[in-house]
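Undergrad: Can you keep this structure in mind? I'll have questions shortly.
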Amino acid sequence: MKKRLELYKQPVMLVGFMGSGKSAVGELLSQILNLNFIDTDNEIVKESGMTIPDIFLQKGEPSFRALETEILRKFSKTPFTVISCGGGIVLSELNRKILRENTFVIWLKCPVEICHERCRGGDRPLLKNEDSLSAAKKLYSEREHLYSLVADFEINTEHSSPDEIAHWIAPEIKSMTL
Ligand code: S3P
């Protein structure tokens, strides 16, 4: 049976690949549902006083992942909140356990080519190589099943704007709320 949300006691988490729309959808969704909004990358920046590219460059990906887990732990029991997660949050088994046990997870699904196109010109450290499409495809294939392991609900974001998606998800969430 599908997990149900207990009156927003658990946070609503948005997961999915880079460029799937988590931050834009999350912010709109929080406004529609009148909940708080948190973005894990923003929290990492606040906590560390560094930008995401600088953390990757100066401290390395493992340090970034450790900060990501710290932030996830800190907010995983925060009620009345929508949280947009970095695309790699599902990589760690510990993070997946925290997500499954404490939160309600929505997976924003989108084909990798479209995600990649939306990320072009951005500053995402994992898409900095010359052949960023191949890099994105490799990451995508490693991660797709991990998103499905934590998802309580999924929606395809390929053809819709963040506003349409948020307005579509909001009543679904309400209907799943006890
Ligand atoms: C990452 C995704 C990014 C950010 C970091 C690593 C990833 O967040 O956390 O660059 O591993 O997929 P977005 O998914 O919000 O772009």
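Undergrad: Look at E130 and say whether it is surrounded by fewer than 16 Cβ atoms within 10 Å (Cβ to Cβ) and within 15 Å of the chain's Cα centre (by Cα).
TA: no
Undergrad: Separate question: Out of segment 140-158, which residues are of a type outside the set (G, A, S) and either open to solvent by 50 Å² or more (accessible area, probe 1.4 Å) or assigned to a helix (DSSP H, G or I) (or both)?
TA: Passing the criteria: Y140, E142, R143, E144, H145, L146, Y147, L149, V150, E154, N156, E158.
The rows are residues; the columns are (1) in contact (Cβ under 8 Å) with a residue 60 or more places away in the chain; (2) more than 9 Å from the ligand (Cβ to nearest atom); (3) not aliphatic (A, V, I, L, M).
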{"residue": "E70", "(1), (2), (3)": "no, yes, yes"}
{"residue": "I98", "(1), (2), (3)": "no, yes, no"}
{"residue": "T103", "(1), (2), (3)": "yes, yes, yes"}
{"residue": "W107", "(1), (2), (3)": "yes, yes, yes"}
{"residue": "C110", "(1), (2), (3)": "yes, yes, yes"}
{"residue": "E113", "(1), (2), (3)": "no, yes, yes"}
{"residue": "N129", "(1), (2), (3)": "no, yes, yes"}
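Undergrad: Kindly provide the set of residues from segment 115-125 that are of a type in the set (D, E, K, R) and in a helix (DSSP H, G or I), ordered by number.
TA: Correct list: E117, R118.
Undergrad: While we're looking at this one, here's another question. Would you kindly identify the strands (runs of 3 or more DSSP E) lying entirely within segment 1-114 that contain at least 1 residues that are modelled with pLDDT of 95 or more and open to solvent by 50 Å² or more (accessible area, probe 1.4 Å)?
TA: 36-39, 104-109
Undergrad: Continuing with the same structure: Give the residues of segment 159-171 that are open to solvent by less than 60 Å² (accessible area, probe 1.4 Å) and of a type outside the set (V, I, T), sorted by residue number.
TA: Once the filter is applied, which keeps residues that are open to solvent by less than 60 Å² (accessible area, probe 1.4 Å) and of a type outside the set (V, I, T), segment 159-171 yields S160, S161, P162, A166, A170.
The values are calculated or read from the model by the stated rules, or taken from the named source; none is laboratory data. Everything numeric in this text was worked out from a predicted model, so none of it was measured. Cβ sites come from the backbone with ideal geometry, for glycine too, and all protein chains shown count toward neighbours. All accessible areas refer to the heavy atoms of the entire protein, side chains included, with ligands and DNA or RNA removed. Shrake-Rupley method; radii C 1.70, N 1.55, O 1.52, S 1.80 Å.
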